[in-house]
Amino acid sequence: MTDTLQIDIHQIEKSRIDSVDFDNLVFGRSFADHMLMVDFKDGEWQTPQILPYGPISYSPAMMSLHYGQAIFEGMKAYKNAAGEILVFRPEENWKRLNKSAVRMCIPEIPEDIFMEGLSQLLRLDAEWIPAKEGCSMYIRPFMFSTDEYVGVSPSKTYKFMIFNCPVGSYYSKPLRVRVETQYIRAAHGGVGFSKNAGNYGGSLYPTKLAMDAGYDQIIWTDAATHTFVEEAGTMNLLFVIDGALVTAPTGDTILDGITRKSVLQVAKEWRMKIEERQLSVQELVEGIKAGKVTEAFGAGTAAVIAPIATIGFEGVDYQLPERAEDAFSKRVFEEINDTRLGKKADTRGWVMKI
Ligand SMILES: *Cc1c(COP(=O)(O)O)cnc(C)c1O
């Protein structure tokens, strides 16, 4: 990372921070004063700019609106007890953004633009990072095509942007999830491993049907046979079965979550048995009935760990047991949470201090 990267900074005249009720933050509804904007044109990334957060105007023929060259990331920053800014594993988000970019024919963003742009933006809006326990700054980096053209082809111009949202503490009551056996999220050869906008557009309708039926979220199964468990919403899925941590291997249909990766690393350090393998819905249901499945949870940036209470399959609800005081998912949550908040020594090099 260099600090010679030039960034043009146009600061706001007056902060909007006084208009925000930091005690009642709604996820994704408040936006910090500034945003980062970098244009790609003439085959290269131009000088990054930091501008007041606000609307940008485009042609109705802007290509990303029509052909979906749009990708994003989600990550978080925190303040530690000393008031320093900590970001959890940002280079992983940078790498994953570029993996998505390659698949969607979007030019990759250089590391120094991503990291230095992020750092300067967070420093400028440092006051917006909530210091209260459980609160954080949700960071949204994204890229999209901007050519004014209605032919189907890769655009020649793009934007890379980052804006930040202060968010409140995330509490999720144990989830009710339904195994999806009709609709699919991703097929082999497709774009499931990339965080591209269309994946989420396509998930809304089946998720709405599940919600109408009284569930919070869907468990996606493999597209070809609907036999194997894949992931849920914007979370990876993990289970504790007979004391082993079981999760689907990330191939090209599953998003390679940074939280999942972190959970696996901690489990490995704790010498827990790890099984990255296909898990059939049948095995899961039989395992719950036999009392072998002691924990089921989602893993993602928003909640870190979201425990699952109920799994619905073919009209029957299967109930997971209450989590024990020393449940793995509770302990691993604390380990990751304390690390990202700087309460615990960062022995794994996960935290970037800026
Ligand atoms: C973002 C996302 C995840 C979780 O990734 P994290 O890096 O842990 O936040 C899992 N599944 C899908 C589909 C996602 O979009």
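General remarks:
- Note on region 177-255 and region 80-154: Cα centroid distance 25 Å, given to the nearest whole angstrom.
- The Rg/Rh ratio for region 8-169 is 0.98, where Rg is the radius of gyration of the alpha carbons and Rh is the Kirkwood radius.
- Estimated FRET transfer efficiency (I17, K353; beta-carbon r; R0 35 Å; 0.05): 0.95
- One Cα centroid belongs to region 13-71, the other to region 288-325; the line between them spans 37 Å.
- Packing order of peptides 26-33, 236-243, highest average first: 236-243, 26-33 (average count of other Cβ atoms within 10 Å over each peptide's residues).
- For the chain, modelled as a GNM whose springs connect Cα atoms under 10 angstrom apart, the maximal fluctuation among S203, S119, S57 occurs at S57.
- Per-residue packing, averaged as other Cβ atoms within 10 Å, sorts the ranges 161-168, 314-321, 11-18 into the order 161-168, 314-321, 11-18, beginning with the highest.
- What the phi angles of region 238-249 give under the Karplus curve with 6.51, -1.76 and 1.60, with θ = phi - 60°, is a coupling list of 9, 9, 10, 10, 6, x, 9, 8, 10, 8, 5, x Hz, glycine and proline written as x.
- Here the Gaussian network model covers the chain, with springs between Cα atoms less than 10 Å apart; of D338, D212, D112, D212 fluctuates the most.
- On the principal axes of its alpha-carbon atoms, region 175-340 has extents of 37, 33, 25 Å, going from largest to smallest.
- The phi-based Karplus calculation (6.51 cos²θ - 1.76 cosθ + 1.60; θ = phi - 60°) puts the 3J(HN,Hα) values of region 289-296 at 4, 7, x, 7, 8, 9, 9, 9 Hz, whole numbers, x for Gly and Pro.
- Put simply, region 256-340 fits an ellipsoid with semi-axes of 24, 14, 13 Å; these come from the alpha carbon gyration tensor as the roots of five times its eigenvalues, largest first.
- Calculated over region 12-82, the projected area of the Cα convex hull averaged across directions stands at 8.1 nm².
- Those lysines that a straight Cα-Cα span of less than 18 Å connects to K41, excepting residues fewer than 8 apart in one chain: K156, K159
- Packing rank of 300-306, 79-85, 90-96, where each peptide gets the mean count of other beta carbons within 10 Å, highest leading: 300-306, 90-96, 79-85
- With only the Cα atoms considered, the chain has a convex hull volume of 149 Å³ per residue.
- Signed unit charges on C-beta, dipole axis of region 8-169, positive-most listed residue C135, I50, F40: C135
Every read-out reported here was derived from the displayed coordinates using simple, explicitly stated rules and does not represent laboratory data. These numbers were taken from a predicted model, which means no experiment stands behind them. Heads up, the Cβs are rebuilt from the backbone with ideal geometry, glycines too, and the neighbour counts pull from every protein chain shown.
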